[in-house]
Each structure stands twice: as C-alpha cells, then as structure tokens.
Amino acid sequence: MIEKPRIRVKTFKIDGIDVTGRADQTVLDVAIENGIDIPRLCYMEGLKSIGACRLCLVEIEGQRGLISACTARISEGMSVLTKTDRLLKYRRQILELLFSERNHQCAVCVSNGHCELQNMAISVGLTHVDIAYLNPKLNIDASHRRFLNDPNRCILCNRCVRVCDEIEGAHTWDLLGRGVDTRVVTDLDEHWGISESCTGCGKCVHVCPTGALSEKGVSVAEMAKRRNFLPYLKSNRGIS
Amino acid sequence: MKKITIDPVTRIEGHAKITIDLDDSGKVTNARMHVTQLRGFEKFCVGRPFTEMPSLTARTCGICPVSHLISASKACDMILAVKPPHTGRQLRRVINLAQIMQSHALNFFHLSSPDLLLGFDAPKEDRNIFNLIKTHPDIARNGIGLRAFGQKIIEQLGGKRIHPGWIVPGGVSHKLEPEIKDWILKGIPEQIKVTRDILDWFKKEIKNFNEEIRTFANYPTLFLGLVNDNGELEHYDGKVRVMDHIGKIVADKLDPREYQSYIGEAVEEDSYLKSPFYKPFGYPNGVYRVGPLARLNIADRCGTPIADEEHAEFKSLERGPILSSFFYHYARLIEIIYCLEKIEMILKTDDILDPHIRSFAEPNRLEGIGMSEAPRGTLMHHYRIDENGLITFANLIIASGNNNLAMNHGVYQVAKHFIDGNNITDGALNRVEAVIRAFDPCLSCSTHAIGKMPLMLELRDSNKKIVDIKTRGI
Ligand code: SF4
Ligand code: SF4
Ligand code: FES
C-alpha cells in the first residue's frame, strides 16, 4: 500500500499574526494567502522566485540578517516582521536605486499608470530620488516586428528571462554583464528581431513589470499588461 | 553707446532677453530679443519610438500641450499612412479649439487685460489679475470662468488637463460620452455672451490706444496660416495661405507636407530659436506673422455666424490686412467666439458619439509631417523614422518661432518710441513687455501671470561696461 505523503503544516507569526503554511511554501506565499502585503517586484506567481530585487526583505526576530520573503522557506515558530523602520528605509533606498540607475520618464512612458515600479514608489510615498541619477545612454531595440525592448525602463527583475525559459521553453532572454551594467539580451546579444529562438509569444512583454518590454504602436499610458495566462499555464504543466 | 538689456529670468527652460542699444544722447538705435528655447530638444527625440512623439513633444510645453499632441499625432498618422475616422478627426478638432479658446482667454484676461483696463502707466503692483478682481470684478470673473470652461472641456475629453494622452496616432483613444457632450453644449451660450461683452468693450476702447497701435510691431510683413477649402478659418487641417501686407494672396493651397519647399529657417546670431521665412521672398523679406492676427487677415470668412460678423467689422479697420500687432488682442477675442461656435456646431452633428474613432496600422512610411494651428500660430512637426519605427530626425517649427522676427521688430519700434535712455520709466518697460505679450509667445515668461514679467535691465555704455542694472520681479 502506498502511503499518502503527509502534508506538513507549520505555524508561525507574521507581524504578530498567527499563520500556518505548508512546509514547501515561502514566507511571501503565506503572507499573500493571509492578505499581508509585502512589497515585491521580481516575484511573480507561476515563476520560480530568485530574490533579485530585494524589495521583499523581511526580518526574523532573533536573527540579525534580513532575508527575502520570496525565497525564504517557512519554519515552525518563527516570527517574521515586515514593517520595521529598518525595512521601510531599505525599501525606499532600493526603489531610489532602481530609478536612478536607468532613465524613467513616467510622463511619456507607455506603462505610465500601469507600472509596478511606479505603483511601488507611490505606495511607499517616494516623491523624489536623492541618489544621483546615472543617466546611462541605452539604445532601444525596436527590431522585433511587434515588440519593443527599451532598456531605459528595465529593472533587471529577470521575469522575462524566467517566463521565456520556464513557461515558453524558448530561453531567448538572458542576462549579460555585471552590476549596474547588466542588461537583458536576446539570444547571444543579437537584435530581438533576428532571434531564431524567439517564438513571438509575447509572454515576456506581459510579465515585464515596467515599460521596458512593450507592444509596438501603443501610446503613452496604454501598455496595460495581461497576465491571466500565467497561473493557467503553470497548472497545466503541473508546476506547483 | 549705451546698451540696455532686459532679461526676463525664469526658473524653467526657455527665456527671453532683450538688448537695447542707445547712442550717446540716449536715443534707441537698435533692439533685439534673444530667445533660448527648444535647445537640443529635437536631438533628444532621436532613438525614441515615433509613437512617443505626441507625449514627448507635449511635454516641451506646459502652455499649449494639446497643440503639440495634434501636430505630432498628425505627423504619426502620416507615418502610419492612415486617416483617422471622421469622428476621431472631429473630436481632435474640438479639443484643439478648446485649447485655443482657453489659451486666448489666459492671454487676454489674465495677462493683457490689466494693461488694457488699468493702463500701461499704472504702477506695476496694480497691473495684475488680483487687482482687476477689485476694480473690474465682472470682467475678471468672466475671464477666469471662460478659461476654466476651456480647461474643463480638455479635461473632460482628455482625462488630464495639462497633458492629455487622449490624442493618439490614428485618432483618439476614447469615444465621446453623451453626458460630456451635453455638458459642453450647455455651457457654450453663456461663454459666447461673456466674450461678446468684452469684445464690445474692447472695440470702444481702441481709440485710447493709438500710440500703442502705431508702435506695437505695426509694419508690413507677410501673414501665414491654414485655411480650409472655402478660404475659411481652419485650425486642424487645411492648406497654407500666404498674404502680403497689401492683402494680396501670394500663395494659396500650399500642401503642409511640402513645407520645406516654401519655408526656410534662418538661424540668427544670439538666438537658439530658428527664424522661419517664406522662401520665395528670401530672408529677411520673407518675414511673416502667424497666430490670431494672421489667421483673421488671411481668411475670407470664419465660417460661423457671430464670428463672421465680427470678422467683417475687424477687416474694415484697414483696407488691407491689419498690420498692427496690437490687434492680436482683438483677433484673439474673435477667435474665442469662433471656437465656441465651432465646438457647438461640431458637437451637434449626428455622428459625434460614434465609437469608431481610431485607425490602427503599422508604419507604412518613413516620414511624417503634421501641421495645425496652435493658439499662437502655425505649428509644424516633421519626423523621420528608421525601418523599426525609431526616430532618426525631428524638426519642429513652433508658433513663437514663426513670429520671432516680427516680435523683434515690435520690440524695436516700441523701444524707439517709448524709451529714453536718460530716463527709463516703468511705463516704457511695461510697453516693451506688452508688445511681447501681444504676440503671446510661448516662452515661459509669458506665463508669469501676475502682472509683470520678471525683468532685468542692464545699462551698458559704449565700452560695454555695465553702468546700471535694474531688476524687478526676479
Ligand atoms: S517603467 Fe514605470 S517607473 Fe519607469 S518610466 Fe515607465 S512608468 Fe515610470
Ligand atoms: S525587461 Fe522587463 S521583465 Fe525583463 S528584466 Fe527588465 S524589467 Fe524585468
Ligand atoms: S520579490 Fe523577493 S527579491 Fe524581488
């Protein structure tokens, strides 16, 4: 007789509230299930979490270091804090760094009003950036017939890389370079329009949190992303 | 020789500086206005998707963003090789007219009427809209209401008042809702009445401004603007007409898309603004004026009943075209009436609520040119793109640039008449300011609505040594 695997449930606290989750869940999963909001950008339901943006950092009582909620497994009896002064300060700083690293001109951006970075900034009350802007000179790749890649708006969340690899199976996107010089590239840093691996499915465009990847021909503030396909595809492939 | 420099210093980009040369006896020998505007903007657009141009260019200007959206979207239509659906074009017309109306109201009531109602020699502290509210409460209130009406129309149609994203390549993004249509139609009669009242007052007052009429850039130039196929006033589409100073139409039905064959652009020393001229006449003989005065001069009729009557009366001021730039004010008031009447006419057509308002296409041409009439005159956008749709070249001829040379001349005339280098009075400075304001240039200084432009006056002797500096409002 095959024994049913026992679902192991763990109980712990988030911001003083008692919560329970499956042993294979992350702190962020359980927080979301319980309606506790933890700011996040690189996380996307249906894709593997990689802890790239560091926005979801939380504190565990009794531990000195901070951990990213999207990658941290839960453990019995832990006490997670999501809104300490230290965290609020770091979140702001992370957002300021994201804005200062590239060229974000929300007013003329296709994603204005639908942008996760912008929403995040609004939610933490970020009205201005104190860190000096780097103003990098980055060229748009408009070689694809239907899509645009504007690295000026990219926050290196890696969602495009992941969705293309994990869901579409094409692995067109990758990261090139290190640190602030990192860029997402198609194939071997060739123009998107001549990529042989790209199937043109558009999933990367729709998971992209900002105006970095967009459809051609849309005007300012018109690029609302459609993401309902993700959980659906995920369950089809049996990914939990 | 002494040199006076008037420098309206502003906090935002784009400011004008005026230099006045005096001889040893204090007489004005020369005057020039230097403009620093749109510097490098065209370069800045290179490499961006052409679809971004409407919002990018609208951002260059907080005063007439809708006009940039219109010309830019028309240039994009040409790149897409589409004609927006009829209703889409009509709705663009409505928002353009609303913009012109509110901009004219701003110029006339907020900026210029304190000069006209309280006098050019009134103390500068008094010449502002706040004082006007005290001395002429009805006029001030009506003016504020009129502008608010125009702004509200823009807001209702475009979503955001200052930079609406509603006008897009191919048409407009949302159809007109019946409640908004009804709301606009309801408000129009009252605003027409208000404008007629002030126009009647203005016509009576004209005789008190003879000196200003004589000196406010009152000189022969060409006039240029768009008219429709019937020779009537046209702000959205139409063809270019050029009239000379005696009223002869020297060119008609010129295609905006071929502007380069008849408009040249001279770059003048000391100025970042290009000075366009009518090519067949060469430079500087081809100097032309644009804007309300030019439009009313070149048009045979307005095409709406009340404005037509007023236009006929306006034209009877002189045998040829009206040459004094002082009458920009008069022309602005007539255009406000026209805008209100025309909006009403358009909104009363059957298909204005039609949901078919936007055409979609991919780029089918590598070049696009869009021309429309902005509050201050003809506005031209010209783009080229690469095969991926990224901008490789952009050229903008803005209305204020069109009037640049005429404005210079006006400053010279006024300075010569009113300025005495030995005793520079506030009244004289006010008139220098006012002649610029008559053109309503799209400089940031024209938005300093509180009665006075920030001015810096530099007196320099013949060795160019500064002997005196006068400032105000900085
Ligand atoms: S991507 Fe987002 S944050 Fe960046 S410019 Fe666009 S709207 Fe603004
Ligand atoms: S292009 Fe978009 S999805 Fe890809 S890394 Fe940049 S921001 Fe993320
Ligand atoms: S959401 Fe966890 S690190 Fe980005």
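A compact table of results
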quantity	calculated
Hz values of 3J(HN,Hα) by residue in the range B:199-206 - Karplus curve (6.51, -1.76, 1.60), Gly and Pro given as x	5, 4, 4, 4, 4, 5, 7, 3
Between B and A, accessible area buried - total, square angstrom, nearest 100, 1.4 angstrom probe	1300 Å²
Positions from the range B:365-406 whose accessible area shrinks by 20 Å² or more when the full protein complex is built, not the chain alone, probe 1.4 Å	B:N388, B:L390
Square roots of five times the Cα gyration tensor eigenvalues for the range A:9-83, Å	17, 14, 11
For B:206-219, mean number of other protein chain Cβ atoms within 10 Å	0
Trypsin sites (Lys or Arg not before Pro) lying in DSSP loop within the range A:61-139, provided at most 12 other Cβ fall within 10 Å	A:R64, A:K137
Set A:K203/B:K43; B:K134/B:K315; B:K175/B:K342; A:K137/A:K203; A:K203/B:K83 screened for pairs whose C-alpha atoms are more than 24 Å apart	A:K203/B:K43; B:K134/B:K315; A:K137/A:K203; A:K203/B:K83
Buried on assembly, the range A:84-117 (at least 10 Å² less accessible surface than by itself, 1.4 Å probe)	A:Q105, A:A107, A:V108, A:N112
For chain A, Kirkwood radius (reciprocal of mean inverse C-alpha pair distance, Å)	19.3 Å
Two-site FRET efficiency, A:L88 against A:R64, from Cβ-Cβ distance with R₀ of 25 Å, rounded to 0.05	0.90
Compactness of the range B:217-376, expressed as Rg and Dmax over alpha-carbon positions, Å	17.3, 53
Debye intensity ratio in log₁₀ form over the Cα atoms of the range A:1-132, taken at each q of 0.16, 0.17, 0.21 Å⁻¹	-0.85, -0.93, -1.26
Overall form of the range B:37-407 per C-alpha gyration tensor (a/c, 1.5; a/b vs b/c)	oblate
For the range A:169-240 versus the range B:399-432, the gap between their alpha-carbon centres in whole angstrom	58 Å
Cα-projected label distance for B:H356 with A:E33, points at 7 Å along beta-carbon direction, nm	5.3 nm
Where the protein assembly as shown is the region considered: accessible area per residue in Å², 1.4 Å probe	42 Å²
Long-range amide H partners of B:V168 with built H, under 5 Å	B:S173
Heavy-atom accessible surface of the range B:51-121: percent carbon and sulfur, 1.4 Å	48 percent
Mean Cα-pair separation over length for the range A:106-227, i.e. relative contact order, pairs under 8 Å, 6 or more apart, %	36 percent
Whole-Hz ³J(HN,Hα) from phi, Karplus 6.51 cos²θ - 1.76 cosθ + 1.60, for the range B:25-31, glycine and proline x	8, x, 8, 6, 10, 7, 8
Peptides ranked, highest mean first, by Cβ atoms within 10 Å: ranges B:76-83, A:155-162	A:155-162, B:76-83
Semi-axis lengths, Å, the range B:257-341, gyration tensor of Cα atoms, sqrt of 5 times eigenvalues	29, 14, 13
Cα-Cα over 21 Å, subset of B:K239/B:K279; B:K186/B:K348; B:K253/B:K274	B:K253/B:K274
Efficiency of FRET between B:K43 and B:K253 - r from beta-carbon atoms, R0 35 angstrom, step 0.05	0.55
Nonlocal amide H pairs with B:A31, under 5 Å, H built at 1.01 Å	B:D21
Carbon and sulfur %, accessible surface of chain A computed with the full protein complex present, 1.4 Å	51 percent
For the range A:128-149, residues shielded by at least 10 square angstrom of accessible area compared with the chain on its own, probe 1.4 Å	A:I140, A:A142, A:S143, A:R145, A:L148
The range A:106-227 - Kirkwood radius from inverse mean 1/r over Cα pairs (Å)	15.0 Å
Whole-Hz couplings from phi, Karplus 6.51/-1.76/1.60, listed for the range B:137-147; x for Gly and Pro	x, 5, 4, 4, 5, 4, x, 5, x, 5, 5
Reduced Cα scattering model of the protein assembly as shown, Debye log10 I(q)/I(0), q = 0.07, 0.10, 0.12 Å⁻¹	-0.58, -1.00, -1.25
Separation in nanometres of the label points that stand 7 Å from Cα toward Cβ, at B:E387 and B:N208	6.8 nm
The range B:290-353 and the range B:188-255: distance between their alpha carbon centers, rounded to Å	7 Å
Surrounding net charge for B:Q413, when Lys and Arg each add one and Asp and Glu each subtract one, Cβ distance under 13 Å	+2
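The values are calculated or read from the model by the stated rules, or taken from the named source; none is laboratory data. Note that the structure is predicted; figures quoted are calculated from it, not measured. Note that we place each Cβ from the backbone using ideal geometry, even for glycine, and neighbour counts take in every protein chain shown. Ligands, DNA and RNA are stripped out before the accessible areas are found, and what is left, the full protein with its side chains, is counted by its heavy atoms. Shrake-Rupley method; radii C 1.70, N 1.55, O 1.52, S 1.80 Å.
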